Each structure stands twice: as C-alpha cells, then as structure tokens.
1. Tell me the relative contact order for region 123-223 as a rounded percent, counting alpha carbon contacts under 8 Å between residues six or more apart.
2. Could you size up the charge dipole of region 271-382 around its Cα centre, putting +1 on the beta carbon of Lys and Arg and -1 on that of Asp and Glu, and report it in debye to the nearest 20?
3. When ranked by the protection proxy of mean other Cβ atoms within 10 Å per residue, highest first, what sequence do the peptides 407-419, 335-347 form?
4. For region 124-244, which whole percent of the accessible surface, found with a 1.4 angstrom probe, sits on carbon and sulfur atoms?
5. Suppose we look only past 13 Å in the calculated P(r) of region 101-154. What percent of the Cα-Cα pairs does that tail hold?
6. Distance from the Cα centre of region 98-163 to that of region 251-318, in angstrom?
7. Any idea which of 222, 24, 403 is furthest toward the positive side of the dipole for the chain, if Lys and Arg beta-carbons carry +1 and Asp and Glu beta-carbons -1?
8. Under a point-charge model restricted to the Cβ atoms of Lys and Arg (+1) and Asp and Glu (-1), what is the dipole moment magnitude of the chain relative to its Cα centre, in debye to the nearest 20?
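The values are calculated or read from the model by the stated rules, or taken from the named source; none is laboratory data. Given the structure is predicted, the values throughout are model-derived calculations rather than measurements. Don't worry about glycine lacking a Cβ; one is built from the backbone with ideal geometry, like all the others, and counts go over all protein chains shown. Please note that ligands, DNA and RNA were not included when accessible areas were found on the heavy atoms of the full protein model with its side chains. Shrake-Rupley method; radii C 1.70, N 1.55, O 1.52, S 1.80 Å.
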Amino acid sequence: MSERELLTPVLTKRWLSPEAWKISVYERLDGYSGLRKAIKAHPDDLIQLVKDSGLRGRGGAGFPTGLKWGFIPQGDGKPHYLVVNADEGEPGTCKDLPYMMADPHGLIEGIVIASYAIRANFAAIYIRGEAVHAARRLRNAVDEAYARGYLGRNILGSGFDLELVVHSGAGAYICGEETALLDSLEGYRGQPRLKPPFPAVAGLYGGPTVVNNVETIASVPYIVLGGAEWWKTMGSEKSPGPKIFSISGRVNRPGQYECHLGITLRELLELAGGMKEGHRLKFWTPGGSSTPLFTDEHLDVPLDFEGAAAAGSMLGTTAVQVFSDQDDVVYATYRWIAFYAHESCGKCTPCREGNYWMVQVLRRILSGQGTKADLDTLLDTCDNIFGRSFCALGDGATSPVTSSLKYFRDDYLDYIEGRKAPYFSAEQAALAGAH
C-alpha cells in the first residue's frame with residue numbers, strides 16, 4: 001500500500017502550511033467554518049452528532065466522547081465546564097504538543113463547539129508546564145480568537161458566551177489523570193480524587209465538567225463539517241476516524257503520522273522508513289510505556305481499541321516506541337519503572353511503595369546480584385499494585401514489568417545466571433540502594 005493510501009491527513013492537514021498557527025491562515029483554510037455551522041444547531045443535536053460519529057477519547061482510555069458529553073446534566077442551574085487535557089506526559093507520546101504548535105486555532109474552534117454543546121461558559125486548557133513554546137503559541141491564538149469574536153461574549157452573534165484560559169501546570173505526570181488535573185487547576189496539589197462522583201457530576205469547582213484530550217476536541221470541527229458518516233469511512237467499525245501515531249526509536253523517520261485506526265505496525269514502519277540499518281525489531285509499545293509490550297510477532301495487530309486489547313495490550317496514546325535487538329528490555333523496563341516511581345503522587349500505598357521496591361529489585365538484577373525469586377517478587381508486586389491503586393498510574397506501571405517477563409524472561413535470566421555482564425557495577429548498585 002502506498003504512503004498516500006496509508007496516511008489520512010485530517011487534523012494534520014494544515015501542519016505544512018506556512019505560519020499555519022496564525023488566525024489569518026487558519027481562516028483562509030476553512031478555519032472556524034465548523035463553528036459557524038455548529039452555532040446554528042441545537043446543542044443536543046451536536047451531542048448526538050458526536051455520538052453518531054463514534055468518536056472515542058484520544059487520550060488513552062478510548063471512552064465514547066458523545067456519551068461523556070451526554071452525562072452532563074442539563075437544566076441543573078449549575079455552571080458547566082470544559083477542561084482540555086494537554087498535559088501529555090506519557091513517555092514516547094508526542095502528538096498533542098506538535099498539534100498545538102502547528103494548529104492552535106483548530107483546538108480553540110473545537111473547544112468553542114464542545115462548550116456550546118454541553119452549555120459551558122468557561123473552558124480551560126491545562127498544558128504541561130515544560131511546554132513553554134506551545135503555551136505561548138496557544139495564548140497568542142486565544143488572544144487572536146477573542147479579537148475576532150470567536151471567544152468572549154455573544155460569539156458570532158449567537159448569544160453564546162465563552163471564556164477560555166490557558167493554564168500551565170507544574171510538570172507532574174500524575175496531572176494527566178483527569179481528577180488530579182482538576183485539583184491542580186483549582187490550585188491544590190495534583191492528586192487523584194476518589195470516584196464516584198465523576199467529573200460529569202462534580203468536577204471543576206464542584207460543577208459538571210467534561211475533561212477531554214487535545215486530539216479529541218480538535219476532531220470535533222471536522223465531524224461537524226464532514227458529518228458522522230464521513231468520519232466513519234475512516235478507521236474501523238468500533239474505532240472510527242483517523243489517529244495521530246507518534247513513532248520513535250530505531251526507525252529511519254521518527255515523527256507523527258496521521259493514519260486510520262486499525263493500521264498495523266508493519267504499515268507504520270513502512271511510513272517511518274523501516275528499521276535503521278543493522279537493527280531488527282525486538283519489542284515495541286503500541287501506546288506508550290503504560291501499555292503492555294508487543295514483540296516482532298505482533299507486526300500485523302490492528303492498532304485500534306479492540307485490536308490492541310485482543311492481542312493483550314492497549315491502544316493508549318498511540319505512542320509507538322520501537323526497540324531493536326540492540327536494546328536491553330530489562331534496562332528499558334527499569335527506566336520506565338524508575339519514571340513511575342518518581343512520578344507517583346504518593347497518595348496510595350500500592351503505587352508509592354510498589355514502584356519504589358520494583359526499582360530496587362530491577363537494579364539488583366541489572367547489577368548481576370539478582371535471583372530467580374526476584375522475578376516472582378516483581379510479579380507479586382505487580383499483582384498487589386494492579387487494581388488496588390488509587391488511579392491508573394499504578395495499573396499502567398505494571399505493564400512493562402508483566403509483559404517483559406511474559407515475552408523476555410530469558411533476558412532477565414541472562415543477568416541472574418551470569419550469561420550477561422552486569423549493566424551496573426556493584427558500587428553503582430550500592431549507591432542506588434542507599435537512596
């Protein structure tokens with residue numbers, strides 16, 4: 001299949017246009033035409049349109065977007081809120097940030113339409129604190145949208161008012177979890193809330209709130225313009241539409257590729273110019289480090305929500321990290337778990353303690369001091385984290401451990417049984433143990 005047939009540029013179609021982030025360019029390329037159409041429709045009809053399109057959340061969970069919007073109670077007399085999750089902290093994920101850099105008005109247009117649909121008069125974009133350039137570009141685009149009458153009072157003469165703010169977080173991965181994000185947005189320490197109640201009932205400031213990912217909201221104007229049936233011509237039956245895949249690692253052309261949901265790694269590798277010379281595929285993540293690993297046996301797994309799950313993993317954020325036979329799966333797992341141990345908010349014991357101790361065990365194995373019992377300890381620790389932690393961070397952290405042991409147990413045994421030289425020296429291991 002040719003590159004032209006594999007790529008489905010919808011959200012990314014403006015990326016290569018000179019100065020695409022400017023409102024004058026955006027308007028010239030059909031920008032805000034979806035809003036002009038949407039603002040004339042009844043809000044309930046827009047919610048139904050999104051339901052009919054089958055759009056599912058692009059942030060990892062894949063929850064039906066229209067259904068989430070429909071959970072917002074109407075006529076309750078409370079203010080409603082829309083919050084856009086632009087925290088993007090999943091290792092390997094790089095789709096929302098380049099989107100906001102290249103096409104910030106696409107996100108803003110989607111926000112106005114979604115806010116109108118759920119009757120929200122205040123919206124916020126929560127962006128990762130380190131993303132300074134993207135935040136600046138977003139804030140400039142927001143100013144442009146206010147000046148053109150796409151934000152503020154009486155938008156396009158419709159009588160609909162919307163205030164939009166861009167809020168930079170403090171760089172905590174946990175704030176990618178929607179309730180931790182809300183706490184952080186309110187000025188508190190970012191920690192997940194107990195659910196229920198869910199944000200649709202009691203979210204930002206205790207009001208009904210929709211929290212959606214950047215890519216999800218950016219899809220809305222295209223659905224309004226093209227219609228639900230057009231959207232469903234792309235992707236698969238239960239996972240319709242295009243998706244931005246972030247491809248990194250041992251490939252010749254890493255980057256973002258917008259393709260139909262259901263594409264395979266074999267086809268993505270073709271787009272990315274194949275594996276680098278001298279490298280053979282060994283393991284890869286379909287959706288970031290919090291999704292169970294796949295191997296070279298999974299080249300033809302359809303990368304949609306159902307296909308990835310049926311093969312034993314998750315679609316996640318479609319962060320496709322490609323590793324070769326020259327990469328150490330045990331060390332990669334150690335680095336991922338060190339990340340999760342560092343980013344755990346510490347609110348619940350399974351995640352806080354479990355990830356800390358898995359780091360120690362993995363480092364011991366990599367130092368040539370491990371035992372076969374350590375492998376059982378790792379699996380037992382994962383069993384005590386999964387389903388028992390306060391939020392999905394703990395669950396996701398178990399994925400690289402359980403899947404790497406499932407497919408590459410011999411790689412662990414190579415360190416334990418002395419067939420492979422220790423990655424860390426005894427001095428390094430002792431120093432790590434002191435901390």
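1. On the way: 116 pairs, mean separation 20.3, N = 101.
Relative contact order here is 20 percent.
2. 460
3. 335-347, 407-419
4. Values: 2530 of 4900 Å².
Roughly 52 percent, rounded to a whole number.
5. Counting pairs separated by more than 13 Å, the tail of P(r) holds 60 percent.
6. Between the Cα centres of region 98-163 and region 251-318 lies a distance of 32 Å.
7. 24
8. Roughly 740 debye for the chain.
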